[in-house]
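> Following this message is one structure expressed as structure tokens.
Throughout, read-outs are computed from the coordinates displayed, never taken from laboratory work. Given the structure is predicted, the values throughout are model-derived calculations rather than measurements. Heads up, the Cβs are rebuilt from the backbone with ideal geometry, glycines too, and the neighbour counts pull from every protein chain shown.
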Ligand SMILES: [Zn+2]
């Protein structure tokens, strides 16, 4: 004798399936909405990071006064402050003087939006916790500010590096990072760049780059720091060759190294197992 499901059993099964699929779809839609909202929030923060960097350069308070055009000082109206929309409405040019707006605006907004989504996703999927995700986001924000300042002034101000050191210590504490790993990370990162800085008489890299390796050593440990340095020199090399071949830079043009270190740090923050994969590639693991 074999069992034939009764009609009420089949109906129950059908209702269960429908409820399960509905709840599942609702969660997917909800996760999508949360992700979209986070991306927009991150984009607004990205836009503000450029204001902080530019006001630092012009010695102004980032929290006071309205935003202005970099060229003609025209005060921006409210819709010219909305991420992406403002760039599209103005077709990438100032509505008053028609000068090209910096491509940094949409780039910073998009990057910061991506960081907000990815770090929260890592917090949920890897069980890292919201504090760790927020601290990582803060590190990314300070690095974005430093990239802008270094590109324009060839300078990595100590104040921002101190913030990075403080947040990195907090992250290492929350993540229970082994002290020996941090010590070797600092030795590899700060030590290597210090030798390079001293050996070239400061011609190749600046002392700010050496100091920037302190928070990176604390954050990424030995393997992370070695991977970061490799990536930074690799990306820097490619950009250098591109600038030379397109005649946008000469053999004696000084190119800030801080942005390459920051971009390499972004790669490791977005792909946490990158150092592991890099050491596997080297055949060390
Ligand atoms: Zn203008």
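> Could you please give the count of residues in region 101-120 that are without any contact (Cβ under 8 Å) to a residue 12 or more places away in the chain and under 23 Å from residue 271 (Cβ atoms)? Talk me through it step by step, then tell me what you get.
Going residue by residue through region 101-120, those that are without any contact (Cβ under 8 Å) to a residue 12 or more places away in the chain are 103, 107.
The next check asks that each one be under 23 Å from residue 271 (Cβ atoms); those that pass are 107.
Number of matching residues: 1.
> Quick one: in region 69-100, of everything that is in contact (Cβ under 8 Å) with a residue 24 or more places away in the chain and surrounded by 16 or more Cβ atoms within 10 Å (Cβ to Cβ), which residue is farthest from the ligand (Cβ to nearest atom)?
Pass one, region 69-100, residues in contact (Cβ under 8 Å) with a residue 24 or more places away in the chain: 69-72, 81, 83-84, 94, 96-97, 99.
With the extra rule that they be surrounded by 16 or more Cβ atoms within 10 Å (Cβ to Cβ), the set shrinks to 69, 83, 94.
On the way: 69: 3, 83: 19, 94: 3 Å.
Among those that are in contact (Cβ under 8 Å) with a residue 24 or more places away in the chain and surrounded by 16 or more Cβ atoms within 10 Å (Cβ to Cβ), it is 83.
> For residue 156, only one of the following conditions fails: (1) in a helix (DSSP H, G or I); (2) more than 25 Å from residue 277 (Cα to Cα); (3) within 17 Å of the chain's Cα centre (by Cα). What is its number?
Of the numbered conditions (1) in a helix (DSSP H, G or I); (2) more than 25 Å from residue 277 (Cα to Cα); (3) within 17 Å of the chain's Cα centre (by Cα), the odd one out for residue 156 is (1).
> Of all residues in region 176-217, which are closer than 16 Å to residue 265 by Cβ and in a loop (DSSP other than H, G, I, E, B)?
In the first step, residues of region 176-217 are kept if they are closer than 16 Å to residue 265 by Cβ; the result is 177, 182, 185-186, 188-190, 192-193, 205, 208-217.
The answer is 177, 205.
> Can you name the number of the only condition in (1) surrounded by 16 or more Cβ atoms within 10 Å (Cβ to Cβ); (2) part of a helix (DSSP H, G or I); (3) more than 14 Å from the ligand (Cβ to nearest atom) that residue 32 fails?
Of everything listed in (1) surrounded by 16 or more Cβ atoms within 10 Å (Cβ to Cβ); (2) part of a helix (DSSP H, G or I); (3) more than 14 Å from the ligand (Cβ to nearest atom), residue 32 misses just condition (1).
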